[in-house]
1. Using Cα-Cα distances under 8 Å and only pairs 6 or more residues apart, what relative contact order does segment 124-271 have, in percent?
2. Relative contact order, percent, of the chain when contacts are C-alpha pairs under 8 Å separated by at least 6 residues?
3. Which FRET efficiency value, to the nearest 0.05, is calculated for residue 259 and residue 138 with the Förster distance at 22 angstrom and r the Cβ-Cβ distance?
4. Sticking to Cα atoms, compute the Rg of segment 1-89 to one decimal and its Dmax as the biggest Cα-Cα distance, whole number, in Å.
5. Looking at the square roots a ≥ b ≥ c of the eigenvalues of the Cα gyration tensor of segment 173-271, which shape do they give, rounded for a/c under 1.5, prolate if a/b is larger than b/c, or oblate?
6. Can you pull the one-decimal nm distance between simple spin-label points at residue 242 and residue 52, each 7 Å off the Cα toward Cβ?
7. Can you put 4, 22, 145 in order of Cβ neighbours within 10 angstrom, beginning with the fewest?
8. May I ask you to sort 233, 118, 193 by Cβ crowding, counting other Cβ atoms within 10 Å and putting the fewest first?
């Protein structure tokens, strides 16, 4: 019945429906309200890209080693990386194809920030996922550094707050000029992608397999909620960053921390 386990993992837990629930929870905790799509936005190319991105985020979650995973995802995490990259990059394609300079500019900014930030995230979390059950004392420093690096660039990876579009230059961002229903669908898909990526960071970076599955899920839930509430507290307190400043944050601060975490975890595995 391996196919049934894979179906449950992809559709229910920890796959598509879990990603949608996490998106609603992310919106509720990090911003104060959950966003939902409106009818009528699904037929456009932007709407189709948004829906495919939600599907990609859900399938990416199913590739990770969650507690009580119906089909073990510990060895499939590289597919999670591919799923998340599809989920975040595909919605930018319609914006780049519009031919409108302000919309394309916003899409290019989002692509540059997102690709760099997610590269840092997976550089930090890849070794942690490869040895997900190894929580010896020797691995803890590297894991904490990996988690710190991933959380530092998470806002840039998702376009949150100061890493969003420069409204004075590109008002409306990548959805400028689109109908309300399409903008609502895009906003909902953004929450789903952000919630799914944050959950992936928590699953990869916290000790969810060193105890029984029930406590492991509590660790995931508590970590996810705590980070969302922190983002909500910081909302509006940090000014919008220019593209060079935002890229510098990832290159000067987060990337070295991720590299140190990689070295630390690699050395710990040999002990």
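Values in this text are rule-based calculations from the coordinates and carry no lab data. Bear in mind that the values here come from a model prediction, so they are computed numbers and not experimental data. No Cβ is skipped: glycine too gets one built from the backbone with ideal geometry, and neighbour counts run over all protein chains shown.
1. 46
2. 29
3. For R0 = 22 Å, the calculated efficiency reads 0.75.
4. In order Rg, Dmax, the Cα atoms of segment 1-89 give 13.9, 41 Å.
5. oblate
6. 3.6
7. 4, 145, 22
8. 233, 118, 193
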